[in-house]
Structures are given as structure tokens and as C-alpha cells.
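The values are calculated or read from the model by the stated rules, or taken from the named source; none is laboratory data. Since we're looking at a predicted model, the values are computed, not measured. Every residue, glycine among them, receives a Cβ derived from its backbone with ideal geometry; neighbour counts consider all protein chains shown. These accessible areas exclude ligands, DNA and RNA; they are computed on the full protein's heavy atoms, side chains included. Shrake-Rupley method; radii C 1.70, N 1.55, O 1.52, S 1.80 Å.
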Amino acid sequence: MERDDLKKYYDLLETDEKSPPVRIRKAFVRKALQNHPDKHPGEPTEFFQRVCAAYWKACHRPQPMPSCDKIFFGCLVDLRSDVKAYKLEMADLFDSEEQFKVLEEIIQARRKMGKFIPPELTDSGIAALRCSLKESPVQQPDKEVVEDPRRTKQKPKPTAAPVVVAKPKPKSKKQLQADQRRREKEMAEIAAQLEEKAKLDEEKAEQKKQAEAERQKKREEERAKQVAEIKLRERYLADS
């Protein structure tokens, strides 16, 4: 990525390359809340998409860029982690009560439309965030949040325990033979059904053929009878 392009991303978020990740996330949330499509349905979404792309690039993410929804809610989940890891106040994440209300409106609109909402932002999660916000002092918009590297080392993010998947127990020889016999029986039943259906189809075709032959014979008999009547009438007229 060129340095000029990276500077454009920082400028769009009103940050710089020296800004800590917490401040970049906070700046992105502020911009995203102002221009979120669920807050302004029916309006163009280009600026919201540009803000999401700027945040993704500014964080130096090596992975391919996901959807804007995943970027937006992923950032909110990361901010919740910042609260625990760096012992921040909720006022460090939201500039005002109005911003929090906008977030609530977006989540309510998405719930009505049946869209995805992270488990961390359900009703209970929102209530916990609002309670924390009310208990913490409101921060001025121009105040920067600086990470403390010592706290980062003391409070590492918990890692999920690996999920142990039990291997399926191999079947015994007797079970394999039983499965084979069951499959052979099923195949034999299917073959018998197909053979019976073929016989029925053949019988129906023969019956249809016989019925058509009988109708053809009847038509020929009626035609011959009509011809005989016509000849008889012509002979009568000739004799008279």
C-alpha cells in the first residue's frame, strides 16, 4: 500500500498514522454512526462504504476486506474488548449520549428487518453498555485515548480454548458386513420396483396399442358400410 493512499484513509477518519488503534476505532464508529445505511434507509451508501474501507486499510488488516456490516459490528466488539483490556470508560468510546442513541436506533432497525446483530449487542449487552456510559463522565470530542502498553501486557486478551473433536469410532467387520447386506437388499428392492414399473408401462403401452387398433378397425368398418350404402343408392337410382 502506498503512503499517500494510507494518508487518505487516515484523513477520512480524521486521524493519523501515530493514532493508537483505540482512537482509530472510535473515529470510525463516529463516522459510521453518522452515515450508517440503517439510519438513513434509501440514501446512497457510497460514503459509508468508503469509511469502512478506510478503517480496514488504516488498521493494516492483511485479510481481504469483508462486508461493511462485519467491519462495523466487528469494530464495536473490539471496542468492548478495549474497555476490559485497557480499563477504559465508556465515555472514551462514545462522545455523547446522542451517539449511543443512534447505535440503539440502528440495532432496533436491523432487528425489525431481520438483519444480523452480534450476540455482544443484544438487549442485555446494550443495557450493560448504557449503564456503563451513565456511570462514566462524558468525554470531549477532541480528547484522544492513549493506550498504555504496560496494561496491554498485564491484561492480555483471553484466547479461546481449542475445540476437541472426537474421532468417529471405526466400525467392526460384523457391522461393515451388516451395512453391506443392507445396501444390497435396498438395491435389490429398487431393482424390483424398477422392473415392476417397466412391466406396468409395457402393459399400458400394449393396451393403448390394442385400443387404437380397435378404434381404427371400427372406423374402417363404418367407412365400408357408408360406401356400400352409397353404391346401393346409386344402383337403385339407375334401375328406376
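Tabulated data for the structure shown
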read-out: Odd one out for Arg23, checked against (1) surrounded by fewer than 15 Cβ atoms within 10 Å (Cβ to Cβ); (2) modelled with pLDDT of 85 or more; value: (1)
read-out: Segment 69-82 residues that are aliphatic (A, V, I, L, M) and modelled with pLDDT of 80 or more, paired with ones that are surrounded by fewer than 15 Cβ atoms within 10 Å (Cβ to Cβ) and not in a helix (DSSP H, G or I) (beta carbon under 8 Å, 6 or more apart); value: Ile71/Met65
read-out: Failed condition for Lys8, given (1) in contact (Cβ under 8 Å) with a residue 12 or more places away in the chain; (2) open to solvent by 50 Å² or more (accessible area, probe 1.4 Å); (3) in a loop (DSSP other than H, G, I, E, B); value: (3)
read-out: Residue among Lys39, Lys57, Lys31 that is buried (at least 16 other Cβ atoms within 10 Å of the Cβ) and part of a loop (DSSP other than H, G, I, E, B); value: Lys39
read-out: Cross-chain or 6+ apart pairs with Cβ under 8 Å, segment 20-48 first and farther than 23 Å from Cys59 by Cα, then open to solvent by less than 10 Å² (accessible area, probe 1.4 Å) and of a type in the set (Lys, Arg); value: Asp38/Arg110
read-out: Qualifying position, being open to solvent by 100 Å² or more (accessible area, probe 1.4 Å) and either farther than 27 Å from Pro21 by Cα or modelled with pLDDT under 85 (or both), among Pro149, Pro141, Pro158; value: Pro158
read-out: Candidates Gly74, Gly42, filtered to the one that is under 23 Å from the mean Cα position of the chain (by Cα) and at positive phi; value: Gly42
